[in-house]
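Down below is the structure, laid out as structure tokens.
The values are calculated or read from the model by the stated rules, or taken from the named source; none is laboratory data. None of the values given here were measured: they were computed from a predicted structure. In this analysis, Cβ positions are derived from the backbone assuming ideal geometry, glycine residues included, and neighbour counts consider all displayed protein chains.
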Amino acid sequence: MRRRLVSWLALISVLIVLTLTACDKPIIEDSTPGETQTEETTTELNTETTEPVIHTEQILKVNWGSDPPDLDPQTTTDQLSMWILNAVMEGLVRLNPDGTIGPGLAESYTISEDSLIYTFHLRDAYWSDGTPITSHDFEDAWIRAIDPVTKSNYAYQFFYIKGAREFNHEEENDVSTVGIKSLDEKTLEVTLNNPTSYFLSLTSFVTYMPAKKQTVDLYGREYGETADKIVYSGPFTIEEWIRNEKLVLKKNEMYHDADSVRLDNIYGYMIKENDTILRMYENNELDFINLPSEFINKYSYSNEFKSLSEATTWYLMFNCENKYFSNYKMRLAFSLATDAEAYVNVIAQNSGTVAEGLTPPNMTGKGHSFAFDRYSSLPGYDPERALILFDEALAEIGATREEFKKDVTILSEMGDTWNRRAQFFQSQWKENLGVELFIEQLTFSERLNRYDNKRYEIAYAGWGGDYNDPLTFMDMLVTDGGHNYTHWSNEEYDELILKAINGIDYDRIDALAIAEEIISREIPLYPIYHPNKNLVIKPYVKSLTIFPIGPDYDFKWTYIDK
């Protein structure tokens, strides 16, 4: 079989073919007041055109908002943990500031003629404890991710690989049938089921990052729970972690590209009160913040304000195994009773767009936005019909309004922003359905745990794309999927998603369009809007990279220039 070699120096010529990060036209933010970026691109904020001479103390101050729930790359699911893991870990490849694929722990790779076999050649690199990083660290981590014992919610990300799905579903117990092989200490061979154009970009995703087996075995379930129970392969390490207070990152001197890392420390705090967050930013105690929507008007004309497109959807989520929301009419009633346009206007302060489906418009379909490929539509706002359906659903269930009000709560999270969101829905349903539901506010970790254990009735949740394909949104609703917190099941839907995973070109996009139509019809969740990422950033913070897909930020190239 003829093989072609692709070196990192020659990578630029094939980037459009090999990655679907939609960053072929990167945009660099300038200082235009109130500028909004709507094209799907990676953004590097406050860039310099010449190599800087830095005299300033290199400390960046950020707000994590809460403790990361899970810093195990193979089991984590939330955006905050991925944000931090992207700083302290590295995969085979790493996204460059312009969104193109660049070298990570692999210095080169080859792809077979039929595009099924990827062979990665690792560089000389070391864990933060000084031990070499080998291909076995990747093989062990990836096999652990698909091992059913691990119960990784992201195991399905490996189903593009030969034998991974069968091993995860326990249809095959022989790990040697899985297409993940260490050929030697520095060579990893991966065999796919079908050509997958975005596979290379997937290897930058946190679940594909390596883990040192000795450390994982030593700490077991406690791996990654504290700073001393994990070793690092990325630009930073965790220097200090005081729960509910702060998590501090330190430059990793063992990192293979440490010379490119300019920051010495990142001080990350855990503040939930919006007024406090804004005050700390204005007092230079935080260097950039995700701007709460109620402050957008205040900062919209400031040079420090940036509004960027992101591949995210927020939605009402129903527990489809719950006594009430297993009833289709009940789910439809709550959807029809919710004015998504009012939410965008009032709560999001017009920063975002009303959802027309689960998949954001900046996901790629048949050479253009997937929005042009869909032929489904959401029910829309119809409070009169909602009330009729609500009463019909209660009658079918055999419950009264009083019983419903006692049994059903709105699951939310602590913090000002979450409280405003929940109160909006509470008001809508009180006005349109005649029931005032109790808002239950939990910590971030508690909320995720309740989703997973089916201990909720209705919630407001969001999902951000992991890669630029509609599948990154729709595969989360497959039966028993790791992220199917609706606990909904539809055999036809599952078959369509499997077809999309194994299909090629337009056939798979057609399958995804039909699958989204099923979501719009069955309503296991009800999409509300696609937000913009709003932030304010101090002018002395340079080269902060923001990704519209995957981890929010990359601090590898960031520095302070006061």
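Figures for the structure shown
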quantity: Any hit, segment 533-540, residues being under 25 Å from Ile277 (Cα atoms), touching a Leu at 6+ places or on another chain (Cβ under 9 Å) and assigned to a loop (DSSP other than H, G, I, E, B); calculated: yes
quantity: Filter pass, Ser543 being of a type in the set (Gly, Ala, Ser), at negative phi and surrounded by fewer than 23 Cβ atoms within 10 Å (Cβ to Cβ); calculated: no
quantity: Some residue of segment 271-281 being part of a loop (DSSP other than H, G, I, E, B), assigned by TED's automatic domain parsing to the domain that holds Ile528 and of a type in the set (Lys, Arg); calculated: no
quantity: Filter result for the condition that a residue is modelled with pLDDT of 95 or more and not assigned by TED's automatic domain parsing to the domain that holds Gly380, over Glu304, Glu341, Glu321; calculated: Glu304
quantity: Subset of segment 138-162 (residues that are among the basic types (Lys, Arg) and more than 19 Å from Leu116 (Cβ to Cβ)); calculated: Arg144, Lys151
quantity: Segment 442-451, residues that are over 17 Å from the mean Cα position of the chain (by Cα) and among the charged types (D, E, K, R); calculated: Glu446, Arg450
quantity: Subset tally (residues that are surrounded by 18 or more Cβ atoms within 10 Å (Cβ to Cβ) and either part of a helix (DSSP H, G or I) or free of Cβ contacts under 8 Å to residues at least 24 places away in the same chain (or both)) for segment 212-228; calculated: 2
quantity: The one condition in (1) closer than 30 Å to Thr131 by Cα; (2) touching a Pro at 6+ places or on another chain (Cβ under 6 Å) that Asn303 fails to fulfil; calculated: (1)
quantity: Residues (surrounded by fewer than 15 Cβ atoms within 10 Å (Cβ to Cβ) and within 24 Å of Pro210 (Cα to Cα)) located in segment 240-263; calculated: Glu240, Glu253, Ala258, Asp259, Ser260
